[in-house]
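Participant: Please find one structure pasted underneath; my questions will follow.
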Ligand code: 5RP
């Protein structure tokens, strides 16, 4: 299977996993990115089986709405059965880097509200140590220079994602060259820098299940 087939197979595996547990009251958390898009398209066929969704981005909300799937504000429904989303990197412990699409803050909030976080990804995302993918950090615009200096102290090289504004009106610094051997510590440390909204390490709240599309099929990892 090529990368697109792996993403599709992973998304289909997530459908197969959740559909038996859907009820007319279920509200699902939905992530962002090309794998999440494939999941949304497959989910559309099952929309009579659940109540609606909460989305982690405007882009995913638009896609859900186009399929006729209800999208709610998280403040209306903050207890979600499942959160389904992709990742830029995942370790065997299911710690993730996310935010390649810039939706990391909303993704982290929605993931926090979910009983089960199901990560869907192709095998290019599998790593032993996080950091080869530049770590996205969402930053309040006026703090850009200060935060960049603090991130350099961590040993990384932050680069401003030019021309990109998050759904929250902020900027992204992508931090290159980090070797993240202690993801929980780096996640906490980075989040404590004044001016950081959040960073793309999902280790304090990792995925619960990883459905990894590989060249020979989908492999399931559970934490
Ligand atoms: C968006 C994300 C995505 O989940 C991540 O970038 C993976 O994207 P894709 O499924 O397109 O490979 O974190 O902010």
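The values are calculated or read from the model by the stated rules, or taken from the named source; none is laboratory data. No experiment lies behind these values; they were computed from the predicted model shown. We place every Cβ from the backbone using ideal geometry, glycine too, and count neighbours over all the protein chains shown.
Participant: Within 16 Å of the ligand (Cβ to nearest atom), farther than 30 Å from residue 22 by Cβ and surrounded by fewer than 24 Cβ atoms within 10 Å (Cβ to Cβ), is that true of residue 167?
Facilitator: No.
Participant: Filter the helices (runs of 4 or more DSSP H) completely within the range 1-104 down to those with at least 3 residues that are surrounded by fewer than 16 Cβ atoms within 10 Å (Cβ to Cβ), more than 15 Å from the chain's Cα centre (by Cα) and within 16 Å of the ligand (Cβ to nearest atom).
Facilitator: Filter on the range 1-104 gives 3-18.
Participant: For residue 111, are the conditions met, namely being modelled with pLDDT of 95 or more, more than 11 Å from the ligand (Cβ to nearest atom) and assigned to a helix (DSSP H, G or I)?
Facilitator: Taking the combined requirement at face value, the residue does not satisfy it.
Participant: In the range 179-195, is there at least one residue being touching a helix residue (DSSP H, G or I) at 6+ places or on another chain (Cβ under 8 Å), within 22 Å of residue 34 (Cα to Cα) and in contact (Cβ under 8 Å) with a residue 40 or more places away in the chain?
Facilitator: For the range 179-195, residues touching a helix residue (DSSP H, G or I) at 6+ places or on another chain (Cβ under 8 Å), within 22 Å of residue 34 (Cα to Cα) and in contact (Cβ under 8 Å) with a residue 40 or more places away in the chain: absent.
Participant: Please state which one of 150, 204 is in a helix (DSSP H, G or I) and either surrounded by 13 or more Cβ atoms within 10 Å (Cβ to Cβ) or within 16 Å of the ligand (Cβ to nearest atom) (or both).
Facilitator: Going through 150, 204 in turn, the sole match is 150.
Participant: Right, here's the next one. Considering 121, 103, 112, 207, which residue is in contact with a helix residue (DSSP H, G or I) (Cβ under 7 Å, 6 or more places away or on another chain) and closer than 24 Å to residue 81 by Cα?
Facilitator: Being in contact with a helix residue (DSSP H, G or I) (Cβ under 7 Å, 6 or more places away or on another chain) and closer than 24 Å to residue 81 by Cα holds for just one of 121, 103, 112, 207, which is 121.
Participant: Can you name the residue in the range 114-127 that is within 26 Å of residue 177 (Cβ to Cβ) and within 11 Å of the ligand (Cβ to nearest atom) and, of all such residues, is surrounded by the most Cβ atoms within 10 Å (Cβ to Cβ)?
Facilitator: Within the range 114-127, the match that is surrounded by the most Cβ atoms within 10 Å (Cβ to Cβ) is 119.
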